[in-house]
Amino acid sequence: MPGPEKVLLVGIGLKSEAGLMKSSLDELRRLVETAGGSVAGEFSQAVARYHPGTLIGRGKIEEIAACVHSLKASTVIFDKELSPGQQKELERSCRAKIIDRTRLILDIFAKRARTSEGRLQVELAQLSYMLPRLTGSWRSYSQQVGGIGTRGPGERQLEYERRHIQYRILHLRKDLARIRSSRLLRRQRRLDVPMPQVALIGYTNVGKSTLLNTLTRGQARVYADDKLFATLDPTARRVRLPEGSWAVITDTVGFIQRLPTTLVAAFRSTLEEVR
């Protein structure tokens, strides 16, 4: 049975952001562990400005490429969102699969989404991320989402895939709008009942789900694990207070540094609970 995938981490930031770069790289390591990978090595570089073609300098790229070869690592993960052009150039130079922080988080979300809304949000984020990357090696990523790849008569495959994805994105947004309306209606009904409302808000993996399970003496049965993004869907439960009355407590999706813009919609329900 093959072991976990060996990956190298690359942290990069402006020289004025040295502290943020270190904490973000630590977080990236935990994301890799959550995704089931094994960190074989780490690199970091503080730059005065980002290189437009490769994000990092040529010397650092050569250092990473040598490490990929010596450690037989299959993947290099950058703690920064890469443009399609940067990703393609880095793959050519490092001779390894190159992914960025956004793609890694999308993969974790895809594994963890359990409700219909969560799965729709993840698919929408995946397709939005993939759309500008429908060239070269990015064609293989399209197969992971599903429903893409049938060649239309007299059409170029790439053009067909792009139109198909755009149509699917529009369809997903309509479905999510309907689900959101239904959720708002349920929330309004809860507000009409004279019962205190409590929302557990915080960073991912600080123990929100564990706290809810404890407060309900295990009756909430909310999934909890020592991993980032164990919870991807808000869960509301009634909790009896010490004086005998009841309150509604809602567990929410945890926040993270450098949240990918394509996943902001997945946190809409959390932000609505905060409001």
Rounded to the nearest 20 debye, dipole of the chain from Cβ charges on Lys, Arg, Asp, Glu: 700 debye
Using +1 at the Cβ of each Lys and Arg and -1 at the Cβ of each Asp and Glu in the range 1-101, identify which of Cys67, Ile77, Ile99 lies farthest towards the dipole's positive end. Cys67
Beta bridges per DSSP with both ends in the chain, % antiparallel, nearest 5: 25 percent
Would you mind computing, in nm to one decimal, how far apart the modelled labels at Leu71 and Phe255 are, each placed 7 Å from Cα along Cα→Cβ? 3.1 nm
Peptides 59-71, 105-117 ordered by average Cβ neighbours within 10 Å, highest first: 105-117, 59-71
Length-normalised contact order for the range 185-240 - Cα pairs under 8 Å, 6+ apart - percent: 26 percent
Please give the helix 101-112 orientation as an angle from the longest Cα principal axis of the chain, in degrees from 0 to 90, rounded to the nearest 10. 50 degrees
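Quick one: net charge of Glu62's neighbours, Cβ under 14 Å, K/R +1, D/E -1?
Numbers: positive: Arg58, Lys60, Arg92, Arg95; negative: Glu63, Glu89.
Local net charge: +2.
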Would you mind counting up the charge near Asp226? Only other residues with Cβ under 15 Å from its Cβ, with Lys and Arg at +1 and Asp and Glu at -1. +2
Against the longest alpha carbon principal axis of the chain, how many degrees, from 0 to 90 and to the nearest 10, is the axis of helix 18-35 turned? 80 degrees
State, as an integer percentage, the relative contact order of the range 22-98 based on alpha-carbon contacts under 8 Å between residues 6 or more apart. 31 percent
May I ask you to derive the relative contact order of the chain, considering only C-alpha pairs under 8 Å and at least 6 residues apart, and to give it as an integer percent? 15 percent
Going through Lys22/Lys88; Lys72/Lys227; Lys80/Lys227; Lys60/Lys80 one by one, the pairs whose alpha carbons sit over 19 Å apart turn out to be Lys22/Lys88; Lys72/Lys227; Lys80/Lys227
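Based on the mean of other beta carbon atoms within 10 Å per residue, what is the order of 247-253, 82-88, 189-195, most packed first?
My ranking of the peptides, most packed first, is 247-253, 82-88, 189-195.
Just so you know, all these numbers are worked out from the coordinates, no wet-lab data involved. Computed from a predicted model, the values in this text were never measured in an experiment. A quick note on method: Cβ atoms are made from the backbone with ideal geometry, for glycine too, and the neighbour counts reach across all protein chains shown.
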